[in-house]
Each structure stands twice: as structure tokens, then as C-alpha cells.
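What follows draws every value from the coordinates through simple rules; no lab data is involved. Fair warning: this is a prediction, and the values are worked out from it, not measured in the lab. When we count neighbours, we look across all protein chains shown, and the Cβ atoms used for this are built from the backbone with ideal geometry, even at glycine.
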């Protein structure tokens, strides 16, 4: 698996990957016909300096998901990893674990981050369990934090990993990835 900068060249693959993964009211995954719009939104945020979006590629070069560095705070060396989704066929394959390993490694080892955050809807138990399996610690819940598309208020669970926790988190992720192969890398191009 490779993380590569997101571009409109990934639209067709990601539209196929997005088929059948919508429908959860507490998360936002674009329907296939809106993948292009989502890519353009993420690229605009990249231009504004608030997001760095990636496409998740299989070894055959096919894009099967998106993930980002977001809420980038360079002055305080903090970043959030989020807005992640992968297609059904790539779920439970180790691909998401591999992407998190790559992003966390880059954040701590290359960028010198003092904290990497993860945020999710407080009711998204699948996402919360996955974040906790990474080794992130719950910082707290921001109550009535966001207004959802359906008008409901989202309580946001905020997690983080700190530099002194990174060696144990890295060892845990590397151990899990032995089942699926090792990280291929981030393509910064």
C-alpha cells in the first residue's frame, strides 16, 4: 500500500471504491457521484494550508480510499489524522492500519509532532474501537461540537498519541502489520 497525494486522477477508482459504503448517519463518505466534488474540496483545503489529503493505493496502483492530515497546526507541531474512508473490498485487510502507521511515523519521526489527534463522532463505536486499538488515548468528548448534515448535533470524541507513547504504538502497529506485509511508504510528490 502506498499513500500518494490526492488528485482528480483518482476520481474514477475512488468512485468505484465508494460504491456501497454510504448509509451511516454518523459519518460522511461521498456517494460515487460526489467523489469528484469531495476531491476538489480536499484539494481546496490543501491550498488553504489546513489539510494534506492522500489517496490510499493498492500495489496495483488502484486508489481504494482517502485519508488526510487535517487541522494542521505547524506552530504547535500538532496534526489530526482523519477524514478517512476505504472501500468495502479493502476493509479488514490491514490497509487502514498500514496507512495509520505511515502517517503516524511521518508525523512523529519526520515532522517532530508533539501530538497527533484523531476525532470521531462519539456514537461511531467502530471508529472509536479502531482508534483505541492504535493506542490513542481519549482526551475527552466535545459535546454539541458540530452540526451534522441531518441537523443533529455531533458529540466529538477526541483522542491523541504523544511522542513518548509513539515507540509502543509503533511496535504494536508493526506487530499487527506482520500479518499483512510492511508499509510501502508515503509518496510526497
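Observations, loosely collected:
- For the chain, modelled as a GNM whose springs connect Cα atoms under 10 angstrom apart, the maximal fluctuation among 166, 85, 175 occurs at 175.
- When only Cα pairs below 8 angstrom with a gap of at least 6 residues are kept, the chain shows a relative contact order of 22 percent.
- Across the range 103-184, Cα pairs under 8 Å and at least six residues apart give a relative contact order of 31 percent.
- Computed from the Cβ-Cβ distance with R0 of 41 Å, the FRET efficiency linking residue 34 to residue 164 stands at 0.50.
- DSSP-defined beta bridges in the chain - what % are antiparallel, rounded to 5: 85
- Evaluated on the chain, the Kirkwood hydrodynamic radius is 16.9 Å, with distances taken between all distinct Cα atoms.
- For residue 125 and residue 74, the difference between the fully extended length at 0.36 nm per residue and the C-alpha to C-alpha distance is 15.4 nm.
- As a length-normalised measure over Cα pairs under 8 Å and 6 or more apart, the relative contact order of the range 1-111 settles at 27 percent.
- Once both labels are positioned 7 Å from their Cα atoms along Cα-to-Cβ, the gap between residue 145 and residue 43 label points is 2.9 nm.
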